[in-house]
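Data block below; observations after.
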Amino acid sequence: MSHYLLDIRWEEKDDKVDVLLKPGSSQGMTALEAGLEAEVFQIVPDEEENSLVLKIWNRDSRPDIRRQYKLLELLHSYSMPVSRPLGWGYDLNGNQVLLTPYDGAPVTRLGAAVVRKLAKMLIDIHKLPVDTEFSDLLPKYDFMSYFYPSIDQHEDIKRLLMPLLERANLNHHSVIHGDFNLGNVLEQEGQYKIIDWTNGQLGDARYDIAWSVIVMRIFAGDRNAAVYRAACLSATAYTDEELELFEAIATLRGLLLSRGSDLLKGKDMMKRVRNIFNENKYLTADVIL
């Protein structure tokens with residue numbers, strides 16, 4: 001594993017990677033917490049002060065990493081808080097890989113100032129001009145098939161979801177992250193970076209915000225979520241009722257994803273989901289929780 005980078009077939013790479021590939025160079029590799037789609041390693045070059053992160057998509061998921069690399073380049077050119085892409089390619093097993101700097105660990109310490117900062121980061125992404133290179137690079141997916149791929153197997157959720165989608169008047173007017181949550185924001189010495197752009201696309205910013213609000217409420221508590229939600233509303237022209245509608249849509253997706261997985265495992269998690277159902281006027285408890 002000490003020469004793993006030498007075994008990668010690089011499709012595109014930064015000059016920094018060429019330094020690491022010099023004969024005689026070596027790197028230490030340490031496994032980081034893996035996600036559902038890929039393994040992640042921290043790489044510490046022998047002669048470098050700054051370590052790197054190598055993400056290897058060696059599971060069922062096969063996203064377009066070339067597009068993610070290009071997206072990171074483009075976002076970085078707009079001074080967005082993302083990791084600078086250093087290279088992408090294929091390992092000896094044909095798995096796609098992406099190399100970036102090590103930008104810290106997922107956010108764990110929250111407070112009002114941090115939560116407001118996170119809200120601003122997401123809203124700034126939504127303000128990017130879509131009539132530029134973003135429109136050529138990013139796809140426009142059918143909302144239902146992309147975010148609810150197994151909905152036909154869950155009639156109770158589908159029955160609630162369909163009227164909400166009809167009411168929502170969905171659009172593709174913004175660059176969205178698609179899965180903005182605390183696990184996808186890194187912090188290092190007060191600097192924050194948004195990672196994992198696998199779901200990056202042109203979509204509806206209201207859904208992107210609503211999903212992040214619901215995930216924060218479930219995993220970080222009502223207080224943090226309330227501050228975050230208020231910050232998102234104050235920075236946009238969206239109404240409270242409008243966001244509540246999209247929160248209902250996002251909650252149903254969370255419930256769908258939790259079926260057959262450990263996403264909402266634990267009494268406290270499901271209690272928070274039940275509270276969301278009880279408080280959101282667009283939802284009813286007429287589903288299996």
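Which residue pairs have Cβ atoms under 8 Å apart, sit 6 or more places apart or on different chains, and have a first residue in region 7-36 that is of a type in the set (Phe, Trp, Tyr) and a second that is assigned to a strand (DSSP E or B) and modelled with pLDDT of 85 or more? Note: pairs meeting the criteria are Trp10/Gly87; Trp10/Trp88; Trp10/Gly89. The C-beta contact set for region 75-96 (first residue closer than 25 Å to Gln188 by Cβ, second residue in a loop (DSSP other than H, G, I, E, B), distance under 7 angstrom, 6+ apart or interchain) comprises His76/Arg84; Tyr78/Leu128; Ser83/Asp103; Ser83/Ile195; Leu86/Asp14; Gly87/Asp14. Among the numbered conditions (1) in the same structural domain as Lys16 (by TED's automatic domain parsing); (2) surrounded by fewer than 17 Cβ atoms within 10 Å (Cβ to Cβ); (3) among the hydrophobic types (A, V, I, L, M, F, W, C); (4) at pLDDT 95 or above, the only one that Val97 does not meet is (2). Against the condition outside the structural domain of Val185 (by TED's automatic domain parsing) and over 21 Å from Ile176 (Cβ atoms), how does Arg59 come out, does it pass? It is true that Arg59 is outside the structural domain of Val185 (by TED's automatic domain parsing) and over 21 Å from Ile176 (Cβ atoms). Looking across Ala250, Ala235, Ala220, Ala230, one residue alone is within 24 Å of Val114 (Cα to Cα), surrounded by fewer than 17 Cβ atoms within 10 Å (Cβ to Cβ) and of a type in the set (A, V, I, L, M). It is Ala230.
All of Asp208, Asp156, Asp179 fail the test of being closer than 27 Å to Ser145 by Cβ and not in a helix (DSSP H, G or I), apart from Asp179. Against the list (1) surrounded by fewer than 19 Cβ atoms within 10 Å (Cβ to Cβ); (2) in contact with a Ser or Thr (Cβ under 9 Å, 6 or more places away or on another chain); (3) not in a loop (DSSP other than H, G, I, E, B), the condition Asp268 fails is (2). Pro139: surrounded by fewer than 20 Cβ atoms within 10 Å (Cβ to Cβ) and either assigned by TED's automatic domain parsing to the domain that holds Ala210 or more than 19 Å from Ala38 (Cα to Cα) (or both), yes or no? Judged against the criteria, Pro139 is a match. In region 152-164, the residues that are among the polar types (S, T, N, Q) form Cβ pairs under 9 Å with partners that are surrounded by fewer than 17 Cβ atoms within 10 Å (Cβ to Cβ), at six or more places apart or across chains, as follows: Gln153/Arg259.
So that you can scan it fast, the table gives a plain yes or no per residue for (1) farther than 18 Å from Asp179 by Cα; (2) of a type in the set (A, V, I, L, M, F, W, C):
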site	(1), (2)
Thr198	no, no
Gly203	no, no
Arg223	yes, no
Ala226	yes, yes
Arg229	no, no
Cys232	no, yes
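Of all the listed residues (Leu75, Leu118), the sole one being surrounded by 14 or more Cβ atoms within 10 Å (Cβ to Cβ), aliphatic (A, V, I, L, M) and more than 22 Å from Leu137 (Cβ to Cβ) is Leu118.
The values are calculated or read from the model by the stated rules, or taken from the named source; none is laboratory data. Quick caveat, the model's predicted, so the values are computed rather than measured. Note that each Cβ is placed from the backbone with ideal geometry, even for glycine, and that neighbours are counted across all protein chains shown.
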